[in-house]
Every structure is written in structure tokens, then in C-alpha cells.
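Structure record follows, encoded as C-alpha cells.
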Amino acid sequence: MYDCIIVGGGIAGLQAAIQLGRYAHRVLVIDAGTGRSTLCRQYRNLLGWPDGISGDELRRLGRVHAERFGVEFRHGVVVKVNHAERNNSTEENVITNTGNTGNTDCTDEGVGFIITAARATGETEHTQRAEHTEHTEHTEETENTEHSGYIEHTEGIEYTEHTEHIKHTEHIEQTECIDHMEHTGHTADTERHEQFHALTVLFATGVTDRFPTVPGLRECLGLTVYVCPDCDGYEVRNRRTIVLGAGDTGAQMALTLYERTQHLIYINHDYRSSPVSKKVAAQLQAKAIEVQHEQVVKVLTVGDGQFQGVELADGRVILAERAFIAFGGNKVHSTLLKQLGVERFENEHIPTELRSKMTNVDGVWAIGDIGLHAEQVAIAIGEGSQAAIWIHKTIMTLQK
């Protein structure tokens with residue numbers, strides 16, 4: 001029995017894992033190794049890192065830190081979460097993992113929290129892996145075709161222009177006994193049928209930004225191409241800056257950045273499907289912000305991720321020093337919480353209790369970008385610690 005399972009091993013999830021580990025709780029983090037932080041090559045607004053730190057390095061350090069306190073990690077994809085039920089027999093062809101270091105005598109199978117998970121064993125043809133899917137049944141090989149050259153989403157799966165293959169090995173036929181606990185736990189399913197138990201569940205599944213798979217773009221993210229004006233508006237001060245986006249969403253980003261630099265060019269990459277409204281177009285014109293309605297086919301770079309400009313579909317080249325992207329339609333990975341009856345807003349973000357970060361469902365917490373906050377790393381770190389404190393209080397109450 002784990003005291004807490006954390007779904008998502010990004011910055012928020014790792015900070016919660018560190019704090020819970022320091023309480024000496026049994027903690028499991030299930031993570032697919034993707035997410036916003038893996039794309040950001042430099043955070044510059046974090047205390048203690050004046051020269052910046054990449055998302056990958058911050059995650060690496062966070063995992064090393066958490067493992068010092070006994071926190072366990074599984075590379076996996078959570079596909080299903082349920083309230084555990086009494087007298088549920090263990091499904092066939094799954095491994096049952098209680099989270100215990102020793103054997104547990106079990107005289108009444110099916111009592112307690114059943115957290116069903118499956119280990120992710122698929123290999124992809126690109127660097128991004130699936131975070132979370134809604135699929136509960138898998139064939140021997142599943143093929144997902146390209147989606148219009150965009151980073152698209154199916155509950156956390158990112159598809160690029162490449163075809164993605166997920167291969168599955170045979171399920172291991174093995175069952176074990178489970179601990180006796182009161183009926184207060186939850187069930188979580190990862191990919192290749194493995195079951196875990198937990199008293200509490202913390203979701204830190206995050207948000208995935210939508211942007212086109214333009215050659216050269218990904219390499220610049222966080223270095224010279226940015227997403228968040230609050231985080232990185234400072235970096236474009238008085239610099240010639242391109243905003244690459246879609247319709248009014250991209251136009252509003254250009255208007256927001258105007259206070260930082262007046263040397264702005266807005267390229268409406270999705271001009272066919274997302275035209276700029278007359279009202280917003282007038283605002284752009286009033287500030288003399290140049291607007292181009294054309295697709296970008298290539299991001300021009302020099303050296304390691306140093307943005308130089310873009311090449312348009314009509315052959316023109318527009319040079320600039322920095323860029324922002326703003327396409328809208330970002331995917332909030334909260335479908336798993338819906339399975340538990342957790343309240344979601346229309347935009348699929350999760351409201352939580354202000355003090356504890358617990359959702360409307362007892363024993364279920366949500367932190368980081370899936371919640372209602374400014375979507376900044378520093379805030380995600382704070383929420384990780386905040387939730388962990390209240391998870392600890394709940395665990396201690398349940399174990400009395």
C-alpha cells in the first residue's frame with residue numbers, strides 16, 4: 001500500500017514527492033517523461049538560478065532529491081483511475097504491486113484500495129512519449145497517424161508529423177495479495193497492466209501547448225522562443241520580435257508584448273482557419289504592429305537554438321532576434337480526474353480548496369498547470385509543497 005501515488009513527474013509532482021518523502025511516506029510517482037518542462041531549455045525567473053536552468057535538468061535534480069527519501073518512480077502512462085471497491089477480485093493478467101518491501105499475508109482479497117496501472121513499454125519514433133491516454137484496451141500494435149503537422153493531443157499524447165508506434169509485450173499472468181485497509185483509496189491504471197494501491201492520489205498531469213511542427217522551432221523553446229509573457233517578456237525588451245500564432249490568440253500576445261518592445265511582427269500562421277477579428281486587427285493597427293498572414297515553413301537558427309527569423313510558405317524570409325508562440329487550444333490533462341467525479345471547469349482546469357489544494361473528492365489532490373493558477377514553475381513548486389503538507393495530515397488521520 002502506497003500512502004500516495006503522484007500522477008505526473010514534472011516540477012509540481014517532484015516537489016510534492018520530495019516533501020512527502022521527507023515525511024517517510026511510501027510514495028510512487030508515475031511519469032512518462034514528457035510535459036511542458038521537458039520542452040523548456042531555460043527557466044530564468046527562478047530563485048537560485050540566475051543563469052537559468054533547463055526543465056530537463058530541474059527534473060533530473062528533483063528526481064535525485066526525491067529518491068534520497070525513498071520515493072519510487074515508474075515510467076508509465078496512466079489510463080484509468082477508479083475508486084477502489086470492496087470485494088473486487090483482482091483482474092487476470094495483471095501484476096499486483098502493494099508498494100510493500102516485504103510479503104503481506106492476505107486473507108481477504110479485494111478489500112482496500114486497488115490502483116491499477118500498466119507500465120509503458122512502447123517505443124516512439126520521436127523524442128516525445130505519451131503522458132496520459134484514455135484507452136483501457138490495447139492491441140498488439142497501435143498506430144497513430146500524423147495530425148496536420150501540429151502537436152496534437154489525445155489525453156496527453158503528443159503527435160508530431162511522425163507516425164507513432166506503441167508496441168506491447170504479453171501480459172504477465174501473476175496476482176498477489178493486497179493489504180487490508182478501509183475503503184478510502186483509489187485505483188490508477190498505467191499501460192501494460194500493473195496494479196498499485198494508494199491511500200491518496202495527487203494529480204500533477206499538466207498542460208500541453210499546441211504549436212506547429214515547424215523545423216527548428218522546438219530547439220529554440222525556452223532559449224530564444226518563448227510561451228509565457230510573464231516569465232520571459234523581459235527577454236524581448238527592445239528587440240525585434242516575431243509572434244507566431246493563430247488568429248486573435250496570437251494577436252493578443254503581440255499586444256501584450258508591446259509594453260516590452262515596439263519592434264513586433266505578428267505572423268498569423270493559421271490565417272485560413274483563424275482570421276484576426278476586425279476589433280483586434282484595429283488594435284494592432286493602432287500600435288503599428290506589422291501583421292503577416294502566411295504559414296511559416298521553417299525557423300531559422302544559428303548555433304544552438306539561437307533564433308534568427310522565419311521562412312514563409314511564399315518564400316519570403318523575415319528576420320528577428322526573438323519570438324513568442326501563441327496558438328491557443330492547449331490541452332489540459334484532467335480527463336483522469338473526471339473519472340473520479342472531480343469537478344472541472346469548462347476549460348477543463350481543476351478547482352481546488354485554496355488552503356490544501358484538495359479537489360472536491362476526498363483523498364484526491366490536483367496541483368500545477370491543471371489547476372487555476374498563473375502556470376509558472378515557481379508557483380508549481382509551491383503548490384507541490386502545499387499539497388504534500390495536507391496529504392500528510394490526511395494520511396496520518398487515516399492511519400490512526
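The values are calculated or read from the model by the stated rules, or taken from the named source; none is laboratory data. Predicted model only: the values in this text are computed from it and were never measured. Heads up, the Cβs are rebuilt from the backbone with ideal geometry, glycines too, and the neighbour counts pull from every protein chain shown.
Answer yes or no as to whether residue 345 is surrounded by fewer than 20 Cβ atoms within 10 Å (Cβ to Cβ) and more than 17 Å from the chain's Cα centre (by Cα). Don't jump to the end; show me each part of the working.
On the way: surrounded by fewer than 20 Cβ atoms within 10 Å (Cβ to Cβ): yes; more than 17 Å from the chain's Cα centre (by Cα): yes.
The answer is yes for residue 345.
Run down 53, 5 and say which single residue is within 25 Å of residue 364 (Cα to Cα) and touching a Phe, Trp or Tyr at 6+ places or on another chain (Cβ under 7 Å).
Numbers: 53 fails: within 25 Å of residue 364 (Cα to Cα).
Every option except 5 fails the conditions.
Conditions tested, residue by residue: (1) of a type in the set (Val, Ile, Thr); (2) closer than 17 Å to residue 215 by Cα; (3) assigned to a strand (DSSP E or B).
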| residue | (1), (2), (3) |
| --- | --- |
| 233 | no, no, no |
| 273 | no, no, no |
| 291 | yes, no, yes |
| 298 | no, yes, yes |
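Here is the figure for region 235-255: residues that are in a loop (DSSP other than H, G, I, E, B) and either crowded, with 21+ Cβ neighbours inside 10 Å or among the aromatic types (Phe, Trp, Tyr) (or both) total 1. Whether any residue in region 62-77 is outside any helix (DSSP H, G or I), buried (at least 22 other Cβ atoms within 10 Å of the Cβ) and either at pLDDT below 95 or in contact with a Ser or Thr (Cβ under 9 Å, 6 or more places away or on another chain) (or both) is what I want to check. Checking region 62-77: at least one residue is outside any helix (DSSP H, G or I), buried (at least 22 other Cβ atoms within 10 Å of the Cβ) and either at pLDDT below 95 or in contact with a Ser or Thr (Cβ under 9 Å, 6 or more places away or on another chain) (or both).
Filter region 13-26 for residues that are closer than 14 Å to residue 65 by Cβ and of a type outside the set (S, T, N, Q); which is surrounded by the most Cβ atoms within 10 Å (Cβ to Cβ)?
Just the residues of region 13-26 that are closer than 14 Å to residue 65 by Cβ, to begin with: 13-22.
Now drop any that are not of a type outside the set (S, T, N, Q), which leaves 13-14, 16-18, 20-22.
Values: 13: 29, 14: 30, 16: 34, 17: 31, 18: 22, 20: 30, 21: 22, 22: 16.
My answer is 16.
Looking only at residues in region 300-320 that are in contact with a strand residue (DSSP E or B) (Cβ under 7 Å, 6 or more places away or on another chain) and not in a strand (DSSP E or B), the one that is farthest from residue 268 (Cα to Cα) is 320.
Restricting attention to region 27-56, which residues are in contact with a helix residue (DSSP H, G or I) (Cβ under 9 Å, 6 or more places away or on another chain), part of a loop (DSSP other than H, G, I, E, B) and crowded, with 22+ Cβ neighbours inside 10 Å? 35, 40, listed by residue number.
When region 348-362 is limited to residues that are of a type in the set (D, E, K, R) and buried (at least 16 other Cβ atoms within 10 Å of the Cβ), the one that is nearest to the chain's Cα centre (by Cα) turns out to be 348.
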